[in-house]
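Report on the structure given below.
We did not get these values from a lab; they are worked out from the coordinates using the rules stated. Remember, predicted model here, so these are calculated numbers, not experimental data. Neighbour counts are summed over all protein chains in view; Cβ atoms, including those assigned to glycine, are modelled from backbone coordinates with ideal geometry.
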């Protein structure tokens, strides 16, 4: 499972002051904890700093890579901010989070993907907005994959985000996301799926429970990546257990290792 650690994000109430005050030690510790908990990538987002987002994002990359060698997920829709972070990056191949099939956004971000040879999270959204149906989302995913591969992006560097919407605002949104994952992964087995898991539970009580249930269902449908809090021990425990149940952990070796290390929460 590709885990994109979501905690270094200025929209998180406790994290914004750390970025604002340039508290390098605290940011490094937050990134380190996520990496040690199993994060494959560290997402960096400074989007609430409207006036100086490029400088803040660059600072996050420079600060974190002084402490750990985890690759980054560069999280911004602004090409100038993304490029500042990419120029600073020394931690291996990053992902840009994200691109859509909206003409303006695609044309702004795609040159950076090509120039810096990055991975890319591609959202099932176009100029008509966020589609309601599985069929419409799959069409956008197919179009994005076709366009990206024509630009030279390898299938394995593409992460399709099915656009998870809160199930509390529409009882069909859970199954729409799950079936979009299933269809895209069936048609393009070499493409990754990565979504913001907690979007599913926005506005409902006991959000962690909803996130956990969605995680298992989405993994069973083919999801192999997620933007999550890797410090949520219960959630990561479910990842290890689900991978074993889906035959992705030979003889449960990874599961057993995590158990012996005390990293599973029952």
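Contour minus end-to-end for residue 103 and residue 68, with contour as 0.36 nm per residue of separation and end-to-end as the Cα-Cα distance?
Details: separation 35, 0.36 × 35 = 12.60 nm, distance 3.59 nm.
Computed gain between residue 103 and residue 68 is 9.0 nm.
Taking 0.36 nm per residue of separation and subtracting the Cα-Cα distance, what length does fully extending residue 26 through residue 169 add? Before the final figure, lay out the partial values.
Values: separation 143, 0.36 × 143 = 51.48 nm, distance 3.59 nm.
Taking residue 26 through residue 169 to full extension adds about 47.9 nm, to one decimal.
Kindly state, to the nearest 0.05, the FRET efficiency for residue 256 paired with residue 155, given R0 = 41 Å and r defined as their beta-carbon distance.
Values: r = 32 Å, r/R0 = 0.78.
Once the sixth-power term is evaluated, E becomes 0.80.
Under 8 Å for C-alpha pairs, at least 6 residues apart: give me the relative contact order for segment 12-146, rounded to a whole percent. Working shown, then result.
Values: 193 pairs, mean separation 23.1, N = 135.
Relative CO of segment 12-146 lands at 17 percent.
Return the calculated 222 nm mean residue ellipticity for the chain, to the nearest 500 deg cm²/dmol, obtained by summing -39500 (n - 2.57) across DSSP H runs with n ≥ 4 and dividing by the residue count.
Values: 10 runs with 123 residues, N = 266.
Roughly -14500 deg cm²/dmol at 222 nm, from the helical runs in the chain.
Assign one of three labels to the chain, namely rounded, prolate or oblate, based on the Cα gyration tensor with a ≥ b ≥ c the square roots of its eigenvalues; rounded applies when a/c is under 1.5, prolate when it is not and a/b is larger than b/c, and oblate otherwise.
Working: a/c = 1.43, a/b = 1.05, b/c = 1.37.
Judged from the Cα gyration tensor, the chain comes out rounded (a/c under 1.5).
Before anything else, pin down the relative contact order of the chain: Cα pairs under 8 Å, at least 6 apart, normalised by residue count, whole percent.
Values: 477 pairs, mean separation 40.5, N = 266.
Rounded, it is 15 percent for the chain.
How would you rank 109-116, 234-241, 251-258, highest first, on the average number of other Cβ atoms within 10 Å across their residues? Mind dumping the intermediate values first?
Numbers: 109-116: 17.1, 234-241: 19.4, 251-258: 14.2.
Descending packing order for the listed peptides: 234-241, 109-116, 251-258.
Please label the shape of segment 4-48 as rounded, prolate or oblate, based on the square roots a ≥ b ≥ c of the eigenvalues of the alpha-carbon gyration tensor (a/c under 1.5 means rounded; beyond that, a/b larger than b/c means prolate, else oblate).
Details: a/c = 2.48, a/b = 1.48, b/c = 1.67.
Oblate shape, in that a/c is at least 1.5 and b/c is the bigger or equal ratio.
Determine the distance separating the Cα centre of segment 204-266 from the Cα centre of segment 74-130; give it in Å without decimals.
28
Under 1.5 on a/c is rounded, so check that first for segment 121-266, then, if it is not, pick prolate when a/b is larger than b/c and oblate when it is not; a ≥ b ≥ c are the square roots of the alpha carbon gyration tensor eigenvalues. Intermediate values should be presented prior to the final figure.
Values: a/c = 2.35, a/b = 1.37, b/c = 1.72.
Taking the square roots of the gyration eigenvalues as a ≥ b ≥ c, segment 121-266 is oblate.
Based on the Cβ-Cβ distance of residue 147 and residue 234, what FRET efficiency does E = 1/(1 + (r/R0)^6) give at R0 = 45 Å, to the nearest 0.05? Working shown, then result.
On the way: r = 38 Å, r/R0 = 0.85.
Using R0 = 45 Å, I get an efficiency of 0.70.
Quick one: of the DSSP bridges fully inside the chain, what percent are antiparallel, nearest 5? Provide the component values of the computation, followed by the final result.
Values: 1 of 29 bridges.
Of those bridges, close to 5 percent are antiparallel.
Length gain on complete extension for the stretch residue 139 to residue 206, per 0.36 nm per residue less the alpha carbon to alpha carbon distance? If you can, show how the numbers build up before the last one.
On the way: separation 67, 0.36 × 67 = 24.12 nm, distance 3.35 nm.
Result for the pair: 20.8 nm of gain on full extension.
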